[in-house]
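Student: Just passing along the structure, written as structure tokens.
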Amino acid sequence: MFTATIHFTQDRECILRRLTADLAEPVPIEIEELQDGLVTFVIRSGAHTERFRDELDAADHVEHVARLDDDHLLVTKPSCGAYSAIYQNHGTLRRSNTVSGRQREYHVLVFRRQDLKAIIADMEEFGTVTLGTLTEFDDQTDSRVTDRQREVVLEALSRGYYDWPREITSEQLADELDISRATLHEHLRKAERALLSSVLTERRAPVVPDRND
């Protein structure tokens with residue numbers, strides 16, 4: 001299993017590219033869900049929340065936008081391509097992703113090198129990709145995952161929740177586990193956060209990408 005930092009320069013037009021083009025700092029985005037070509041995410045818009053909301057709300061292709069608080073918006077819109085490239089190649093994208101005009105930074109969890117290679121190949125069809133850090137970790141890195149969280153994640157993996165397209169919805173998976181959707185998402189997010197935190201906070205030597213995989 002690997003975590004990779006992908007730096008991406010997007011060639012396609014995208015509303016987020018336009019909204020963030022002139023900002024001094026990259027804007028953090030947390031992905032909530034990608035389904036049927038639509039991505040739902042929380043964007044930390046800060047002082048620009050009002051402007052972002054107005055422009056997103058006025059865009060015909062944006063399905064939904066709602067203000068969560070003074071600094072955050074919840075948005076559902078068609079994926080511009082990068083998220084689809086990651087998920088359809090069995091990658092998992094969650095926290096600490098940023099957008100700044102054409103520049104994007106994604107932190108991706110993949111199980112195999114060939115999945116990462118496929119992600120990069122797909123993304124290169126509509127932009128320029130630079131692979132930053134690539135880190136491998138062993139089974140000991142999930143020590144902060146509880147038994148119940150591990151059980152839920154393993155069930156999600158086996159039932160195709162992380163496949164592209166998903167073979168089971170969160171509602172169906174929650175029903176089979178006899179828990180609420182809120183509890184399901186809590187278990188998944190805590191497990192994902194523990195796994196990623198273990199990798200990103202521990203000092204490990206970077207893995208040199210194998211171009212022959």
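Student: Any idea how far apart GLU32 and GLU167 come out in nm if each label point goes 7 Å out from Cα toward Cβ?
Tutor: 2.7 nm
Student: If you compute Rg and Dmax of the Cα atoms in Å for the structure shown, which of [x] 17.4, 56; [y] 17.4, 48; [z] 16.0, 50 do you land on?
Tutor: The calculated read-out lines up with [y].
Student: At 1.4 Å probe size, with every protein chain present, just tell me what the per residue accessible area of the range 57-141 comes to in Å².
Tutor: Numbers: 3980 Å² over 85 residues.
About 47 Å² of surface per residue is accessible.
Student: Considering Cα pairs under 8 angstrom that are at least six residues apart, work out the relative contact order of the chain and quote it in whole percent.
Tutor: Numbers: 365 pairs, mean separation 55.9, N = 213.
Averaging sequence separation for qualifying contacts and normalising by length gives 26 percent for the chain.
Student: What is the dipole size for the range 31-78, taken about its Cα centre, with +1 at each Lys and Arg Cβ and -1 at each Asp and Glu Cβ, in debye to the nearest 20?
Tutor: Working: 5 positive and 12 negative charges, 23 e Å.
Here the size comes out at about 100 debye.
Student: Which order do LEU173, LEU38 take by accessible area at a 1.4 Å probe, largest first?
Tutor: On the way: LEU173 0, LEU38 55 Å².
Of LEU173, LEU38, the descending order of accessible area is LEU38, LEU173.
Student: Still on this structure: Taking all protein chains as present, what is the carbon and sulfur share of the accessible area of the chain, in % to the nearest whole number, probe 1.4 Å?
Tutor: On the way: 5060 of 11250 Å².
Heavy-atom surface of the chain belonging to carbon and sulfur, 1.4 Å probe: 45 percent.
Student: Starting from 0.36 nm per residue, how many nanometres of slack lie between GLN114 and ALA21 once their C-alpha separation is accounted for? Spell out each step's value before the answer.
Tutor: Details: separation 93, 0.36 × 93 = 33.48 nm, distance 3.27 nm.
Taking GLN114 through ALA21 to full extension adds about 30.2 nm, to one decimal.
Student: Give me the number: length gained by fully extending ALA182 to ALA58, i.e. 0.36 nm times residue separation minus the C-alpha to C-alpha distance, one decimal in nm. Intermediate results must be reported in sequence, preceding the final value.
Tutor: Working: separation 124, 0.36 × 124 = 44.64 nm, distance 3.05 nm.
Separation in residues times 0.36 nm, less the Cα-Cα distance, equals 41.6 nm.
Student: To continue, here is another question. How high is the relative contact order of the range 31-123? Use alpha-carbon pairs under 8 Å, at least six apart in sequence, and give a whole percent.
Tutor: Numbers: 140 pairs, mean separation 21.7, N = 93.
It comes to 23 percent, rounded to a whole number.
Student: ³J(HN,Hα) across the range 80-86 via Karplus (A = 6.51, B = -1.76, C = 1.60, θ = phi - 60°), whole Hz, x for Gly/Pro?
Tutor: Karplus values, whole Hz, x for Gly and Pro: 7, x, 5, 4, 4, 4, 5.
Student: Which ³J(HN,Hα) values in Hz, rounded to whole numbers, follow from the phi angles of the range 14-22 under the Karplus curve 6.51 cos²θ - 1.76 cosθ + 1.60, where θ = phi - 60° and Gly and Pro get x?
Tutor: Per residue, the Karplus-derived 3J(HN,Hα) values read 7, 4, 5, 4, 6, 5, 9, 4, 9 Hz.
Student: Any idea what the dipole of the chain comes to, in debye rounded to 20, about its Cα centre with Lys/Arg Cβ at +1 and Asp/Glu Cβ at -1?
Tutor: On the way: 27 positive and 40 negative charges, 125 e Å.
Roughly 600 debye for the chain.
Student: Apply the Karplus curve 6.51 cos²θ - 1.76 cosθ + 1.60, θ = phi - 60°, to the phi angles in the range 115-125 and return the couplings in whole Hz, x for Gly and Pro.
Tutor: Going residue by residue, I get 5, 5, 4, 5, 4, 4, 4, 5, 5, 5, 6 Hz, with x marking Gly and Pro.
The values are calculated or read from the model by the stated rules, or taken from the named source; none is laboratory data. Small disclaimer: the values here were computed from a predicted structure and weren't measured. When we count neighbours, we look across all protein chains shown, and the Cβ atoms used for this are built from the backbone with ideal geometry, even at glycine. Keep in mind that these areas ignore ligands, DNA and RNA; they rest on the heavy atoms of the full protein, side chains included. Shrake-Rupley method; radii C 1.70, N 1.55, O 1.52, S 1.80 Å.
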